[in-house]
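S.K.: This is the structure I have questions about; it appears just below.
No lab work stands behind these numbers, since they all come straight from the coordinates. Only a predicted model underlies this, so the values are computations on that prediction, with no experimental measurement involved. As a convention, Cβ positions derive from the backbone with ideal geometry for all residues, glycine included, and neighbour counts pool all protein chains shown.
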Amino acid sequence: MVAGGCEAMAGVVASDAARKTDAMKARICIGATPEIATVPSPPTGRLPPIRLVLDRTPSEGIARDEESAGGSEVRDGGLTGTMDRVLGVSWGTTLALAYAQTHPQRVSALVLALVTTTSRREVDWITRGVGCIFPRERQRFADAVPDSLRQMRLVDAYATLLFDPDHDVRERAAREWCAWEDSHISLAPGHLPNPRFDDADFRLRFARLVTHYWRHAAFLDDEQLLRDAPMLDGVPGVLIHGRYDVSSPLETAWRLSQRWSTSRLQLLDDAGRGGGDTFVGAVTGALRQLAVDVT
């Protein structure tokens, strides 16, 4: 069973450049495909309307994405069937960890790439701290918030603006949020803007979902996923992270690997958040190896 499926995976790994989309999609979907793939929402474009997704737990978010992909049945708010190898990419690593720690008996192995746990510390870094590397872009991001909302954290202010009754206010907020997302995604020369953000409807859906879950730290206790990592001892895991990932620095993946005794951290020396030349090969290689080891 695959939540989001290969279409969703292409949407995640293609954030580096539009020209890589088809190649990455094809390569990741060949071989040891995981039973579950959790990826940033909205991945497939088949999710229910935005307001129906808000205020859901991470596990229900997985169920809804799985339902939209047509990969399994959802009964009484839960997924049916046995869940096995789990692949999480970017915010999907938060969903994968939350699910695995809640139902460790359903998970035989995990591959987590571009690791984040959506903690308050990480949200503060990606909306404020990383501005020390991108000060001009961070200033524009902050200046787009009107004086009346300046007392709020930026993630709260944008979440408010994105539901403003004025269409122009919503559109500007979505555009500025996505511009900020694109600014810190990669330090690599020649990085191209994410083509998904050319679509105004996508910008709004994306920004609303991101700000909603970020402002609530994914509806988890602070640092919960790191705190409860020992619950996964005995479950094999591969954590794949780029050394040049400034959006989500290596610290989280490192701390997770230290608290989860049966995981290993695979560091990609050529990769940032958008993935480098070795990213797809690392993910598919880990999936294939776990398919052999966990049988």
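S.K.: If I ask for residues that are within 20 Å of R150 (Cα to Cα), out of contact with any Pro (no Cβ under 9 Å at 6 or more places or on another chain) and either among the β-branched types (V, I, T) or in contact (Cβ under 8 Å) with a residue 40 or more places away in the chain (or both), which ones from segment 122-133 would you list?
M.R.: The answer is V123, I126, T127.
S.K.: I'd like the full set of residues that are of a type in the set (A, V, I, L, M, F, W, C), within 18 Å of the chain's Cα centre (by Cα) and not in a helix (DSSP H, G or I), limited to segment 182-209.
M.R.: Listed by number, the list holds a single entry, I185.
S.K.: Right, another one. So which residues in segment 239-264 are part of a strand (DSSP E or B) and surrounded by 18 or more Cβ atoms within 10 Å (Cβ to Cβ)?
M.R.: Within segment 239-264, L239, I240, H241, G242, S263 qualify.
S.K.: So, one more: Does any residue of segment 210-229 turn out to be of a type outside the set (A, V, I, L, M, F, W, C), part of a strand (DSSP E or B) and touching a helix residue (DSSP H, G or I) at 6+ places or on another chain (Cβ under 6 Å)?
M.R.: Going residue by residue through segment 210-229, those that are of a type outside the set (A, V, I, L, M, F, W, C) are 211-213, 215-216, 221-224, 227-228.
Add one more test, that the residue is part of a strand (DSSP E or B), and what stays is none.
There is no residue in segment 210-229 that is of a type outside the set (A, V, I, L, M, F, W, C), part of a strand (DSSP E or B) and touching a helix residue (DSSP H, G or I) at 6+ places or on another chain (Cβ under 6 Å).
S.K.: Being in contact (Cβ under 8 Å) with a residue 60 or more places away in the chain and within 13 Å of A113 (Cα to Cα) is the requirement here; does A218 meet it?
M.R.: no
S.K.: Only one of R273, R203 is crowded, with 18+ Cβ neighbours inside 10 Å, among the basic types (K, R) and free of Cβ contacts under 8 Å to residues at least 60 places away in the same chain; which?
M.R.: R203
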